[in-house]
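In what follows, a single structure is set out as structure tokens and then discussed.
The values are calculated or read from the model by the stated rules, or taken from the named source; none is laboratory data. Just so you know, these numbers come straight off a predicted model, no measurement behind them. All Cβ positions, glycine included, derive from the backbone under ideal geometry; neighbour counts span all protein chains shown. These area figures cover heavy atoms from the full protein model, side chains too; ligands, DNA and RNA do not enter into them. Shrake-Rupley method; radii C 1.70, N 1.55, O 1.52, S 1.80 Å.
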Amino acid sequence: MPPPKDVVKIAIQMVGAIPQLIELQQTKPLASVLKDVCDAWSLPNAERYALQYADGRQTYITESNRGEIKNGSILQLTTSPDQEAERLYSGIQSNNLDVKTDSLKKLASLSQDVTFAQEFINRNGLKQIFSIVEEGNDTGEMLVHTLKAFMELMEHDFVSWETLSAAFIKKVVSYVNMNAVDASIQQLSLSILENMVPTSRLLFELVKKEVTLDRLLTHLQVTDAQLQLKAMALLIALLLAATDAERRDMMDYLREKNIRQFIHKNIIHSSEPLGDEMAHYLYVLQSVSLNLCERRMRTSMDPYSQEQRELLQSLRQTAFESEGEAPASNFSTERRRSLCAKEFRKLGFMNNSNPAEDLRRAPPGLLALDNMVYFSRHTPNAYSRDHFFEELFCICIQLVNKTWKEMRATQEDFDKVLQVVREQITRTLSLKPTSLELFKTRVNALNYSEILKLRQTERLHQEETLAVPVLELRERLKPELLELIRQQRLLHLCKGTLFRKISSRRRQDKLWYCRLSPNHKVLHYGGVEEGVLSPPIESLPEKIPVADMKMLLVGKECLHTKEKSSGKQNKDVLELAFSIVYDVEEYCLSFVAPTRYEFCLWTDGLNVLLGKEMTSERTQTDLDVLLSMELKLRLLDLENISIPDTPPPIPKPPSNLNFCYDFSHAEQ
């Protein structure tokens, strides 16, 4: 019977105690639940404790959020928010720097929780934060924790940003303007100013005056991606909070300083990937710039100026009017308008009759027109072709048919074929072909067999580049797995195999069977009748003691391969032939395996009996498969965890062994 919906099964843990597994009744007051938990651990004063999630953000459990607890959640018993707030409020005022730093670090972590934040702010804790920043000269770890705690507390909107003192703001501004200061401090300071700017005109003017655009451009040139991001965020906040006139002046100044160069050189072309936040800020910056351009355009030129008309017509003519064709001006007015509208639609314009209207929207605005004109003038041949995608499709659909035949695929293999084709296209594009013809040549050269070879090479390379501990584990596993393969080979010999005798007259009607005794000491063999698949070992009259076996011969080394026969048959015999040399007279027992698989298993098994290494290709294949499976099983719990190249240091031995039990007293 399923549990009621208002009951969840959870675990509650506490340092130094055995966890409790309870069924939490959501209708039961949280104070009563805490009382029961504390009683189970014999803890007095249950009101001084609280529950919080054991992992993640470690949010405190309250009556308002307890409904979010799910089955299987792990909670921990900890100090209540009011008790913790009181303790940290005292700790950040301590004269002991270690206590003060640890308290600020803990405060920065707990301030993410709204319940704790309210308790701390109610104790006038922000005043102490202001005091540490305004009066302190520290620019190290303590300041980082202080600024982070301030940011987290302000995120809950219990206090207005307008209540900040001028002294506090100027101190934060000074960290932004310093040259020699920790990057984390500058990042936090920039974030504080960014949040401050939109809240009031007074704060905007103060930050705009104290943090110059030159200083923000300096931060955009650093290699620290997070510092670039925070500087860009403050720049955008200032632009958005400014009046139209202020925004225009700021953008004019940024253009004079060539902000595009800063962005392209230090952000877009940097080694760090362009994150979602930075991409958003760049988009907003472009929108602000283009909006200003559009406003200027609307106030200074006709909605469809002669300059725009000429540019748009030049785009159309470059794309569609070749030298051998009659220009559109030779047609009637209606015919010319219809033809121009059709051609503008092909170029991607939505308003075919008046394409200039499309340029009113920002983005893209006039920037799109400038780029298209540049494209048409500098690469006219490429611009006049509108058929790249269609040509690419024709190449790829023919590739699908070619790969289908190479894979000998059926209807059920359609998805597999498409996976191979996708890999062929992706690998070819990674080579950056400079033309469709070069792409076609390279993608067709990358046939199915080449894909298989590349996959095999990459798999081997991946195994070769494994972490050092994994490689060591691989080497340790090899002896155990090789022994497993040896046992399998001997087991196959004990089961036995049916062989055919091949004479010089190519008569293949004689059958004989060979198998190893269960104790691995004797080979039994003898002729059998057609239709007998697995004769009992007692019916095989001939015997060869394993102790008398001298060596194993394969291929051309065997005498029976020298008999005259046709070329094809002789080649087959060479690939499947092996012989056992035994006794002091060095007699030979000759074999021709029915398949390559049997040849590998028998030669491996005989080598094991002779105390030699297994040399067939099947051994390496089986070993690779077993190693791969065993490694995956052993490393299953370490998925997505980086494995260090060196082992962790061995801890020092204890100063004494008094914790060991002395059994001598028990014997007395």
Probe 1.4 Å - accessible area at Asp6, Å² to nearest ten: 60
FRET efficiency for Lys402 and Thr621, using Cβ-Cβ distance with R0 set to 51 Å, rounded to 0.05: 0.95
Probe 1.4 Å, all protein chains present, accessible-area order of Lys543, Lys257, largest first: Lys543, Lys257
Inter-probe distance in nm under a simple model that places probes 7 Å from Cα toward Cβ, at Thr434 and Leu30: 6.8
Segment 123-202 versus segment 578-602: alpha-carbon centroid distance in Å: 85
Mean separation of Cα contacts under 8 Å (6+ apart) over length of segment 135-228, as relative contact order %: 28
Accessible surface, 1.4 Å probe, highest first, among residues His219, His560: His560, His219
Loop sites in segment 131-229: chymotrypsin sites (Phe, Trp or Tyr not before Pro), DSSP, at most 15 other Cβ within 10 Å: Phe158
Segment 77-191: proportion of alpha-carbon pairs further apart than 18 angstrom, %: 47
With DNA, RNA and ligands ignored, accessible area of Tyr374 (1.4 Å probe; Å², nearest 10): 140
Heavy atoms of Asp214 accessible to a 1.4 Å probe, total area in Å² rounded to 10: 70
Rg to Rh, two decimals, where segment 158-223 supplies the alpha carbon set and Rh follows Kirkwood: 0.96
Mean separation of Cα contacts under 8 Å, 6 or more apart, over the residue count of segment 1-116: relative contact order %: 25
Potential extension, Val15-Arg201 segment - 0.36 nm per residue separation minus Cα distance: 61.9 nm
At 0.890 mPa s and 25 °C, Stokes D of segment 1-146 from Kirkwood alpha-carbon radius, µm² per second: 146
Heavy-atom accessible area order for Met232, Met178, Met407, Met629, largest first, 1.4 Å probe: Met629, Met178, Met407, Met232
